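**Student:** Right, I'll just put the structure down here and ask away after.
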């Protein structure tokens, strides 16, 4: 919360990809932010907790080369903490092409001056991304902080090709 600046920022519209039980969004809701989670509905505990905490949630799976669901608003902040939608710890880990599509699509859901804040899981080899992926993120305008891939306002450099259907 503090590193993101959400504890003292003006009211923001926040989308949390892979929201899990909704704890992060719940705190943001208490701080006055407008929130929405996106996740699968596979775990009854997460479903029950998001219902208990009254976290609005879109049920969807994030997949390579597939757009995010359509939302009725743009977001000031899109977060994704310890994500697994990038085929984490598999032999099908996302590379630049998959990330390029995802980032271009996510950028279309950001409000003007919006931020995208990703936190990646460590892979089996101890890394968070390959050297090729690191170079790609930097080329797209990311600030890299170990496992964090942060696109601050105006830094999500557009891709050469926009996602299909946008």
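One line per residue, one yes/no per condition, for (1) closer than 13 Å to residue 80 by Cα; (2) modelled with pLDDT of 95 or more; (3) within 14 Å of the chain's Cα centre (by Cα):
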| site | (1), (2), (3) |
| --- | --- |
| 15 | yes, yes, yes |
| 20 | yes, no, yes |
| 35 | no, yes, yes |
| 50 | no, yes, no |
| 54 | no, yes, no |
| 58 | no, yes, yes |
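**Student:** Right, next: List pairs: first residue in segment 21-40 and touching a residue at least 24 places away in the same chain (Cβ under 8 Å) and at positive phi, second residue in a strand (DSSP E or B) and surrounded by 21 or more Cβ atoms within 10 Å (Cβ to Cβ) anywhere in the structure, Cβ distance under 6 angstrom, at least six positions apart or on different chains.
**Tutor:** Hits for this filter: 22/37.
**Student:** Given (1) surrounded by fewer than 19 Cβ atoms within 10 Å (Cβ to Cβ); (2) over 27 Å from residue 34 (Cβ atoms); (3) in contact with a strand residue (DSSP E or B) (Cβ under 9 Å, 6 or more places away or on another chain), identify the lone condition not met by residue 143.
**Tutor:** Among (1) surrounded by fewer than 19 Cβ atoms within 10 Å (Cβ to Cβ); (2) over 27 Å from residue 34 (Cβ atoms); (3) in contact with a strand residue (DSSP E or B) (Cβ under 9 Å, 6 or more places away or on another chain), the lone unmet condition for residue 143 is (2).
**Student:** Which of the residues belonging to segment 65-118 are closer than 17 Å to residue 11 by Cβ, outside any strand (DSSP E or B) and under 14 Å from the mean Cα position of the chain (by Cα)?
**Tutor:** Selection gives 74 alone.
**Student:** If you take the residues in segment 119-146 that are without any contact (Cβ under 8 Å) to a residue 40 or more places away in the chain and in a helix (DSSP H, G or I), which one is farthest from residue 82 (Cα to Cα)?
**Tutor:** My answer is 139.
**Student:** Collect the residues in segment 53-107 that are on the phi > 0 side of the Ramachandran plot and touching a strand residue (DSSP E or B) at 6+ places or on another chain (Cβ under 8 Å), keeping them in residue-number order.
**Tutor:** From segment 53-107, those on the phi > 0 side of the Ramachandran plot are 54, 65, 82, 87, 89; that's our starting set.
The one that is on the phi > 0 side of the Ramachandran plot and touching a strand residue (DSSP E or B) at 6+ places or on another chain (Cβ under 8 Å): 82.
**Student:** Hey, can you tell me all the residues within segment 76-93 that are more than 15 Å from residue 147 (Cβ to Cβ) and modelled with pLDDT of 90 or more?
**Tutor:** Our first condition is that a residue be more than 15 Å from residue 147 (Cβ to Cβ); within segment 76-93, this holds for 76-78, 85, 87, 90-92.
Result: 76, 77, 78.
The values are calculated or read from the model by the stated rules, or taken from the named source; none is laboratory data. Bear in mind that the values here come from a model prediction, so they are computed numbers and not experimental data. Every residue, glycine among them, receives a Cβ derived from its backbone with ideal geometry; neighbour counts consider all protein chains shown.
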